[in-house]
Amino acid sequence: MFSIIVIGDEILSGSVADTNLRHAFKKLRERSMTVDEVRIIPDKLDVIVKTIREMKERSQFVISSGGIGPTHDDVTMEAYARVFGVELAEDPYLKRRLTAYFGSENKGQHVRFYTLPKGTKLLGGTEERWPAFQLGNCFILPGLPRSFEEKLEIVLDSLPAAEKIHHRELKISVPEGYFATALAGLQSQYPGVDVGSYPQYRDSSSRDREQDEPVVRVTLKSVDKEQLQACCDELTTFFKSNDWLMGG
């Protein structure tokens, strides 16, 4: 449903830790919206153009984070203009907002804040709240975490509700190799259920992995509640019969 592009040399270099992806995953999951693909890319115009062009064709919606500030390396808006084949132009409403805020200081690089690809829609803007931006099936958000989180809420509120995804989880006391074949067979039997297997250690703080015992989280997800329950029941019976089930 969604592809997410994180734009910024500072993210790729590790000088700034990205928190926007984690927040986006959480908020999308709460609304039963799925992520098809994520890319983290540099502040290079040709790379941004190529990435937007590819992802907007393969996903229902694209969210980008970063590169819409006032400095020379903020080239995301120019990239979107190239992808959609439109010119950049000053937005009168945003210009008025910034002029009222900065007064005579509203000049120079501030112009970048209100220069958008033609056809860009403003979402959720008020006199106190800067809007989010939409161009086609793409949503253009800032990289600053607090602003990103605020604008993401605006974007998600503008979209129709997704079909609810139901979840089940089982905790298993043996390594994945013991039941990998059974999971593969169950996935074939219930194609409408996403079956996942994720190993971890029982004591996440332990440094002695040889002494710590593994646990595997088996997750089941589906919009079909009946098929999900049937799959879960069959899997639960299998794990119980082998005395591998820890909880669920």
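FYI, it's all coordinate maths here, none of it is from the lab. Everything numeric here is computed off the predicted structure, so don't read it as measured data. Note that each Cβ is placed from the backbone with ideal geometry, even for glycine, and that neighbours are counted across all protein chains shown.
Key figures for this structure:
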{"quantity": "Estimated FRET transfer efficiency (residue 223, residue 181; beta-carbon r; R0 41 Å; 0.05)", "calculated": "0.95"}
{"quantity": "Other-chain or far-sequence residues with amide H under 5 Å of residue 138's (modelled H)", "calculated": "62"}
{"quantity": "Residues 245, 88 arranged by fewest to most Cβ contacts within 10 Å", "calculated": "88, 245"}
{"quantity": "Residues whose placed amide H lies under 5 Å from that of residue 38, excluding near-sequence neighbours", "calculated": "4"}
{"quantity": "Degrees separating the helix 225-241 axis from the principal Cα axis of the chain, which is the longest one", "calculated": "40"}
{"quantity": "Residues whose placed amide H lies under 5 Å from that of residue 143, excluding near-sequence neighbours", "calculated": "66, 67, 68"}
{"quantity": "Fluctuation leader among 174, 75, 223 - the chain, Gaussian network, Cα springs under 10 angstrom", "calculated": "174"}
{"quantity": "Matching label, Cα Rg over 2.2 N^0.38 Å computed from the structure shown, candidates [x] 1.08; [y] 1.28; [z] 1.64", "calculated": "[y]"}
{"quantity": "Positive-end residue, the chain charge dipole about Cα centroid, Cβ charges, pick of 141, 170, 238", "calculated": "141"}
{"quantity": "Those residues of the range 153-195 whose amide nitrogen sits under 20 Å from the label point placed on residue 31, 7 Å along Cα→Cβ", "calculated": "153-167"}
{"quantity": "Within straight-line cross-link reach of residue 26, lysines at Cα separation under 18 Å, skipping those fewer than 8 residues along the same chain", "calculated": "151, 164, 221"}
{"quantity": "Model label zone, residue 200; criterion: amide N under 15 Å from point 7 Å along Cα-to-beta-carbon; scope the range 30-69", "calculated": "none"}
{"quantity": "83, 38 arranged by Cβ crowding within 10 Å, fewest neighbours leading", "calculated": "38, 83"}
{"quantity": "Karplus-derived HN-Hα couplings along the range 76-83 (A = 6.51, B = -1.76, C = 1.60, θ = phi - 60°), whole Hz, x at Gly and Pro", "calculated": "5, 5, 5, 4, 5, 4, 5, 4"}
{"quantity": "Estimated 222 nm signal from helices in the chain, with DSSP H stretches of n ≥ 4 weighted -39500 (n - 2.57), rounded to 500", "calculated": "-11000 deg cm²/dmol"}
{"quantity": "For the chain, built as a Gaussian network whose Cα springs stay under 10 Å, the top-fluctuating residue of 80, 198, 114", "calculated": "198"}
{"quantity": "Degrees separating the helix 145-157 axis from the principal Cα axis of the chain, which is the longest one", "calculated": "80"}
{"quantity": "Ranked list, fewest to most other Cβ atoms within 10 Å of each Cβ, for 72, 23", "calculated": "72, 23"}
{"quantity": "Whole-Hz ³J(HN,Hα) from phi, Karplus 6.51 cos²θ - 1.76 cosθ + 1.60, for the range 188-196, glycine and proline x", "calculated": "5, 6, 10, x, x, 10, 8, 9, x"}
